[in-house]
């Protein structure tokens, strides 16, 4: 199941270096009262968006871009186009940062010349910037917010679809968001993508080392799952588990199932 045969080694090195980058607590803020008052009607980041220091955001973005260029030099020209079009006005920078954190599809319009920027490079590059920013936001939120009332398959923080799942030794299932690193409890016998709860239309494909893929025969989705009941240790980092299990992705795609975490909501 090792992903090393499939995943570009330079990208693995990039992720390892990216994981060392820190988002200081004094460079962003959120109204804690809004976090505490959350009732689960909308994703948290839309009700209580983070306000990120514009100077830090620009410097942090450039640092991530430089790291990407180091390990994926073929992205260099596109990254330069994005960098050259970053807004300079602090208020516009704040709006860009907030739109990215809220996964607003028109975030690119806050650039100076959106038409002159490759949308795919914009999306790929900023996905790494916002993942770190939102991970910091999620860590803070989990200490202040009661997420127990959230029963949806989408992430309660940013509304993204789940990337992986974790089956705890208690039998509880937790979904994992690859956008903001949130984990939330979700009913076992239900597809998080289409809501199908018919046991006869749900199943799983067993893999090695405690990995499996839960599948829905109605919407043809699969969700990679780490079954901690079959592993010696608990608390695996699901970001890296995703990287280790790309062979399972290929296997499920070959069986006609879809990874719906990559399909826009």
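All of the numbers you see were taken from the coordinates with simple rules; none came from a lab. In this text, all values refer to a predicted model and were calculated from it rather than measured experimentally. A quick note on method: Cβ atoms are made from the backbone with ideal geometry, for glycine too, and the neighbour counts reach across all protein chains shown.
Give me the angle, in degrees from 0 to 90, between the Cα long axis of helix 54-71 and the longest principal axis of the Cα atoms of the chain, rounded to the nearest 10.
60 degrees
At a Förster distance of 25 Å, what's the computed FRET efficiency of residue 209 paired with residue 104, Cβ-Cβ distance as r, to 0.05?
0.05
Nearest 500 deg cm²/dmol is fine: what mean residue ellipticity at 222 nm does the chain get from its DSSP H runs of n ≥ 4 alone, each adding -39,500 (n - 2.57), divided by its residue count?
-11000 deg cm²/dmol
Once the convex hull of the alpha carbons of segment 1-92 is built, what does its volume come to per residue, in cubic angstrom?
It comes to 165 Å³ per residue, whole-number rounded.
Shape call for segment 164-262 from the C-alpha gyration tensor, a ≥ b ≥ c root eigenvalues: rounded (a/c under 1.5), prolate (a/b greater than b/c) or oblate?
Rounded is the answer for segment 164-262, as its axis ratio a/c remains below 1.5.
Which residues in segment 139-172 have a backbone N closer than 18 Å to a point placed 7 Å from the Cα of residue 234 along the Cα-to-Cβ line?
165-172
For segment 186-235, rounded, prolate or oblate, judged on the Cα gyration tensor with a ≥ b ≥ c (square roots of eigenvalues), a/c < 1.5 rounded, else prolate if a/b > b/c?
Because a/c hits 1.5 or more and a/b exceeds b/c, segment 186-235 counts as prolate.
Based on the mean of other Cβ atoms within 10 Å per residue, sort peptides 236-246, 187-197 so the most packed one is first.
236-246, 187-197
Expressed as an acute angle from 0 to 90° and rounded to the nearest 10, what is the orientation of the C-alpha long axis of helix 9-18 relative to the principal long axis of the chain?
Taking Cα atoms only, the helix is inclined about 70 degrees.
Tilt of helix 119-142 relative to the longest C-alpha principal axis of the chain, in degrees (0 to 90, nearest 10)?
70 degrees
In segment 59-119, how does Rg compare with the Kirkwood Rh, expressed as the Rg/Rh ratio over alpha carbon atoms?
0.96
Give me the one-decimal nm value for the distance between modelled label points at residue 25 and residue 258, 7 Å along each residue's Cα-to-Cβ direction.
A separation of 4.2 nm, rounded to one decimal place.
So for each of 61-69, 176-184, 19-27 I average, over its residues, the number of other beta carbons within 10 Å; can you give me the resulting order with the highest mean first?
Listed from highest to lowest mean packing, they are 176-184, 61-69, 19-27.
Among 56, 250, which comes first, then next, by fewest other beta-carbon atoms within 10 Å?
250, 56
Quick check on segment 62-161: take the gyration tensor over C-alpha atoms, sort the square-rooted eigenvalues as a ≥ b ≥ c, and tell me if it's rounded (a/c under 1.5), prolate or oblate.
Since a/c reaches 1.5 and a/b is larger than b/c, the shape of segment 62-161 is classed as prolate.
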